[in-house]
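The values are calculated or read from the model by the stated rules, or taken from the named source; none is laboratory data. Just so we're clear, the structure is a prediction, and the values are computed from it rather than from any experiment. Using ideal geometry, Cβ is built from the backbone for each residue, glycine included, and neighbour counts are taken over all protein chains shown.
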Amino acid sequence: MNRFIANILFFLILFLFLSPLKTFASEYFTTSYYVTYEVGETGDAQATIDVTLTNKTSDYYASSYKVQVGFKDITNVLAKDASGDLSPVVTKIPDGNIIEAEFNEKVVGKDNSLTYTISFTTSDIAHLNGSIWEINIPGISDPSAFDAFTVDVKVPESFGNAIYIKPYQGSQETRFTKDQLGTSGISIAYGSEQIYAFDLTYHLQNTNVFAVQTEIALPPSTNYQDVYISSIEPTPDNVALDQDGNWLATYSLPPTTKQDILVKGHAIVRLIPKKEELSEEELEAYLVQDDYWEVSDPQIQKLAKELQTPRAIYQYLVTNLSYDFSRVEENKPRLGGVSTLENSSSAVCLEFTDLFITLARAAGIPAREVDGYAHTENDRQRPLSLVQDILHAWPEYYDAEKQTWIMVDPTWGNTTGGVDYFDVFDFDHFAFVIKGADSEYPVPAGGYKYDGEETVKDLSISFDPTFKKPDSNLSFYVDTSETYFSQLPLEATLVVQNKGQGLTPQNDISVSSSNLIPGEQHMVLPQIPPYGHVTIPVKFQKEPLLTNEEREFTILIAGSSLTESLRVRPILYSWYVLGSGGGILAVFTIIIFIIIRKSRRVSVSQ
């Protein structure tokens, strides 16, 4: 009987996104893998791969192995089989390393097994990013190529409990079978929140011969993040919220002026979003058609009717779109929802986002776009696509049951081979702007450039786990007239300023007075971004005709109070002043008239 020596070429797809080859391992051997990653306190991981090959026939046996791993950093490579140590040879390649070795013995005969072990140390699995330990392991491209595949991930007790585990198994269990993994990878995080420090530059220009008012979009607080602005130079005229919750800072630019705006601050990013209750009327704005979101297109309508749910739309994009890295390099124009559907093999994050929003809105699901910074350790697995300062775009939809906006990332769900970015998000997305009312506005930080001029990188983002949340600082004053008159409405202006670094919460305003009507008033103070202010009218009923005294009222906001007085004088007083002025004018007019009359008489006398 002829014997065939099969050099088994192992594509451990756990490490790579390569299609597995049909080798003798699947045709003539059953293969069982048990992989352990034991992460140390410093983040270095000891990888141990135990492989058992069992002959299906008596005609073939394995004499060597070759394993290609996608980790670029591997050290301390060891290998052994049942007869002792092997001598592995490691060859570096652009995408990782190839490990090769000859077995000490040949196992021949049906149902006989060969067991061997490969181990190495790598720093490519676990990373301490700011406050968060992250573990990322790519998935298996073709689970059917393996008869059994089990992965164990072990971490030090000091990491604590994982805040998320993908794929999630309903517990803190970090052992994964082939069926649980599917084609997705493993993603685990330890920690409660991520803190980013940011340093942003905006370039503004007024080419007109007259002054203009313009605005920039600052990173806002959202239901996933709290933003604190420590400095803005120069100071804006105001910072206000728009319909989508963006922070828009306004500036007045003189004619033919260039102005650089420098913004520094911190963002605290959470995993679980806060509630954000919206009315049906408010949600209607996120169902309409806009440029790049062609909701009424027949193709879109048909597909949206088939998919119906956010999960189905997400999965459709992950499965049917292909990420096109050339679009980023060549800076090709944005396609929009319909064109993406027609060109599914050429998509980047904007295309994934636009098609998600278009299909969601067509299915009656409120949806909008988020642009911002995304942290990635591997730009092939988790790419960034927006050209201006290499930003990222992802969609979010409104979940009526949870009463909040839910962020998802079908782009990374696609490029990571199926890591779940639908049920569980991460700490790596930092929102700069939200586009719901308009598909093209506002422009995120990094997109403010001088026309025709190249600028240095305008975004600097880093981790800062030492940052402490600053106290709020709300101040207010009342702008009043010097004198008010009875029988006329009384009105003052309340000016409330946010002098702190974070967004002030919505507050109640209480206005009370013992001698003005109404004696009690209650108003709502909206949220105010840092460096922002709002003005609110405070009105009282007119006073009796003969009132001639001061009236007092007290304003209470967030535990702070301010008492102001209004000087009210009788309206007759204003008539008296007016009348006195009129009498003087009348006397003056009579005198002039007499002089003119007298002059005329002199001039005509003989």
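Do you know which residues across the stretch 267-284 are aliphatic (A, V, I, L, M), surrounded by fewer than 16 Cβ atoms within 10 Å (Cβ to Cβ) and within 30 Å of PHE467 (Cα to Cα)?
Residue satisfying the conditions is ILE272 alone.
Restricting the search to the stretch 255-275, which residues are among the hydrophobic types (A, V, I, L, M, F, W, C), under 21 Å from the mean Cα position of the chain (by Cα) and not in a loop (DSSP other than H, G, I, E, B)?
Correct list: LEU262, VAL263, ALA267, ILE268, VAL269.
When the stretch 497-544 is examined, which residues are found to be outside any strand (DSSP E or B) and more than 26 Å from the chain's Cα centre (by Cα)?
SER513, SER514, ASN515, LEU516, ILE517, PRO518, GLY519, GLN541, LYS542, GLU543, PRO544
If I ask for residues that are of a type outside the set (Ser, Thr, Tyr), touching a Leu at 6+ places or on another chain (Cβ under 9 Å) and either at pLDDT below 95 or within 24 Å of LEU271 (Cα to Cα) (or both), which ones from the stretch 214-244 would you list?
The answer is ALA217, LEU218, PRO219, PRO220, ASP226, VAL227, ILE229, LEU241.
List every residue pair whose Cβ atoms sit under 8 Å apart, with the two residues 6 or more apart in sequence or on different chains, where the first one lies in the stretch 40-63 and is touching a residue at least 12 places away in the same chain (Cβ under 8 Å) and of a type in the set (Val, Ile, Thr) and the second, anywhere, is part of a loop (DSSP other than H, G, I, E, B) and surrounded by fewer than 16 Cβ atoms within 10 Å (Cβ to Cβ).
Close Cβ pairs (under 8 Å, with a partner that is part of a loop (DSSP other than H, G, I, E, B) and surrounded by fewer than 16 Cβ atoms within 10 Å (Cβ to Cβ)) amount to THR54/ASP111; THR54/ASN112; THR57/LYS110.
How many residues does the stretch 285-302 contain that are among the hydroxyl-bearing types (Ser, Thr, Tyr) and buried (at least 16 other Cβ atoms within 10 Å of the Cβ)?
The number of residues fulfilling the criteria is 2.
Of these, LEU278, LEU341, which one is closer than 18 Å to THR411 by Cβ and either over 22 Å from the mean Cα position of the chain (by Cα) or hydrophobic (A, V, I, L, M, F, W, C) (or both)?
LEU341
Going through the stretch 382-405 one residue at a time, which ones are modelled with pLDDT of 90 or more and touching a helix residue (DSSP H, G or I) at 6+ places or on another chain (Cβ under 7 Å)? Steps first, answer last, please.
Let us first name the residues in the stretch 382-405 that are modelled with pLDDT of 90 or more, namely 392-405.
Once the filter is applied, which keeps residues that are modelled with pLDDT of 90 or more and touching a helix residue (DSSP H, G or I) at 6+ places or on another chain (Cβ under 7 Å), the stretch 382-405 yields HIS392, ALA393, TRP394, PRO395, TYR397, TYR398.
So the check is Cβ under 8 Å with 6+ separation or different chains; which pairs have a first residue in the stretch 423-448 that's closer than 24 Å to ILE195 by Cβ and not assigned by TED's automatic domain parsing to the domain that holds TYR373 and a second one that's of a type in the set (Asp, Glu) and at pLDDT below 95?
Close Cβ pairs (under 8 Å, with a partner that is of a type in the set (Asp, Glu) and at pLDDT below 95) amount to ALA445/ASP389; ALA445/ASP458; GLY446/ASP389; GLY446/ASP458.
Counting just the residues of the stretch 319-334 that are modelled with pLDDT under 95 and surrounded by 13 or more Cβ atoms within 10 Å (Cβ to Cβ), which one comes out nearest to THR416 (Cα to Cα)?
It comes out as TYR323.
Looking at the stretch 509-536, I want the residues that are free of Cβ contacts under 8 Å to residues at least 12 places away in the same chain and have a partner that is surrounded by fewer than 18 Cβ atoms within 10 Å (Cβ to Cβ) with Cβ atoms under 6 Å, at least 6 apart or on another chain. Which pairs are those?
GLU520/SER512
Looking at the stretch 337-372 only, could you name the residues that are in a loop (DSSP other than H, G, I, E, B), among the small types (Gly, Ala, Ser) and buried (at least 22 other Cβ atoms within 10 Å of the Cβ)?
Within the stretch 337-372, just ALA363 meets the criteria.
Do the conditions hold for VAL408, that is, is it within 25 Å of ILE195 (Cα to Cα) and touching a helix residue (DSSP H, G or I) at 6+ places or on another chain (Cβ under 6 Å)?
Numbers: within 25 Å of ILE195 (Cα to Cα): yes; touching a helix residue (DSSP H, G or I) at 6+ places or on another chain (Cβ under 6 Å): yes.
Judged against the criteria, VAL408 is a match.
Taking strands (runs of 3 or more DSSP E) that fall entirely within the stretch 5-112, which contain at least 1 residues that are assigned by TED's automatic domain parsing to the domain that holds ASP124, modelled with pLDDT of 90 or more and not β-branched (Val, Ile, Thr)?
On the way: elements: 29-39, 45-55, 60-69, 74-81, 89-93, 96-102.
Ranges flagged: 29-39, 45-55, 74-81, 89-93, 96-102.
Return yes or no: is ALA145 farther than 30 Å from LYS468 by Cβ, surrounded by 16 or more Cβ atoms within 10 Å (Cβ to Cβ), outside the structural domain of ASN414 (by TED's automatic domain parsing) and at pLDDT below 90?
Here the answer is yes, as ALA145 does meet what is asked.
For every residue, the table says whether it meets (1) under 25 Å from the mean Cα position of the chain (by Cα); (2) within 29 Å of THR30 (Cβ to Cβ); (3) touching a residue at least 60 places away in the same chain (Cβ under 8 Å).
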| site | (1), (2), (3) |
| --- | --- |
| ALA126 | yes, no, yes |
| ALA148 | no, yes, yes |
| SER158 | no, no, yes |
| THR174 | no, yes, no |
| THR177 | no, yes, no |
| LEU181 | no, yes, no |
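Residues being buried (at least 18 other Cβ atoms within 10 Å of the Cβ) and not hydrophobic (A, V, I, L, M, F, W, C): count how many of those fall in the stretch 481-496.
Residues that pass the stated criteria total 2.
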